[in-house]
Amino acid sequence: MMDIEEKKQNLRELYDEYEEDVAEFKKAAACEAGCADCCIGVGDIDITTLEGVIIRERMDTFDKTLQAEIRAGLAQNKAEREQKKLSRCAFLRADNTCMIYDIRPFSCRQLYSVKRCNGAPPTIHRQAVNLARQTVDKMQRLDFGGYSGHISYILYLLAKEDFRKRYLHGRSDPRKIVDFGRSHGIVINRFVSG
């Protein structure tokens with residue numbers, strides 16, 4: 001069984017592989033730093049627990065004030081998602097740049113648009129969408145003992161010490177989160193990975 005550091009390295013390799021596969025498509029992207037339409041209006045920033053661990057580790061390096069602001073933003077995201085509302089990503093700065101851009105989750109990495117969104121959904125090459133689906137499948141196989149769901153939900157679970165310890169030691173137990181998982185659309189990776 002792979003340890004968490006090996007999994008993180010494999011995840012980075014999956015990210016790199018995807019970026020290489022879609023590089024030609026992304027050359028046509030209209031996106032630029034600060035546009036943030038996808039970070040505000042798309043609403044489906046889904047992550048795996050493995051990505052959540054990486055994000056939590058980064059959060060731990062931030063000063064306490066920023067950590068508190070992010071936690072408050074994540075709590076707001078969670079509440080808004082529970083009401084079926086879209087919400088601004090908690091990691092978006094006031095200037096609409098991402099404070100975790102270098103470790104952003106795959107759901108953010110896969111998004112780009114060949115034309116300015118201006119509040120509309122992104123326009124993405126069909127081939128890139130198919131490659132993204134394949135990458136998500138690979139990620140769920142890599143994070144076989146974990147879960148997938150909205151960033152605020154996964155980080156909420158990882159904030160619980162018992163859940164985090166169980167996950168990090170390869171002892172995830174879906175029965176421990178069954179009610180939350182069902183009501184919040186949490187996916188058990190081992191049940192969806194091929």
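The values are calculated or read from the model by the stated rules, or taken from the named source; none is laboratory data. No experiment lies behind these values; they were computed from the predicted model shown. Heads up, the Cβs are rebuilt from the backbone with ideal geometry, glycines too, and the neighbour counts pull from every protein chain shown. What goes into the accessible areas is simple: the full protein's heavy atoms, side chains included, and nothing from ligands, DNA or RNA. Shrake-Rupley method; radii C 1.70, N 1.55, O 1.52, S 1.80 Å.
Data table
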| quantity | calculated |
| --- | --- |
| For the range 149-168 and the range 23-102, distance of Cα centres in Å | 16 Å |
| Area accessible to solvent at LEU131, 1.4 Å probe radius, in Å² | 40 Å² |
| Accessible-area value, PHE144, 1.4 Å probe, nucleic acids and ligands omitted, Å² | 110 Å² |
| Exposure ranking of GLU13, GLU69 by accessible area [1.4 Å probe, largest first] | GLU69, GLU13 |
| Isolated Cys residues of the chain, judged by Cβ distance under 4.7 Å to other cysteines | CYS31, CYS35, CYS38, CYS98, CYS108, CYS117 |
| Solvent-accessible area of LYS64 with every protein chain in place, 1.4 Å probe, in Å² to the nearest 10 | 150 Å² |
| Partner lysines for LYS115 [C-alpha distance under 17 Å; skip if fewer than 8 residues away on the same chain] | LYS26, LYS27 |
| Expected 222 nm ellipticity per residue - DSSP helices of 4 or more, -39500 (n - 2.57), all of the chain, to 500 | -16000 deg cm²/dmol |
| Residue order for THR61, THR135 - accessible surface, 1.4 angstrom probe, largest first | THR61, THR135 |
| Residues of the chain: accessible area per residue with a 1.4 Å probe, Å² | 56 Å² |
| Rounded to the nearest 20 debye, dipole of the chain from Cβ charges on Lys, Arg, Asp, Glu | 640 debye |
| Which of ARG104, ARG116 is most accessible, then next, and so on - probe 1.4 Å | ARG116, ARG104 |
| Cα-based reach from LYS7 at 17 Å (exclusive), listing lysines while leaving out same-chain residues under 8 positions away | LYS138, LYS165 |
| With every protein chain in place, the range 26-176: carbon and sulfur % of accessible area (1.4 Å) | 51 percent |
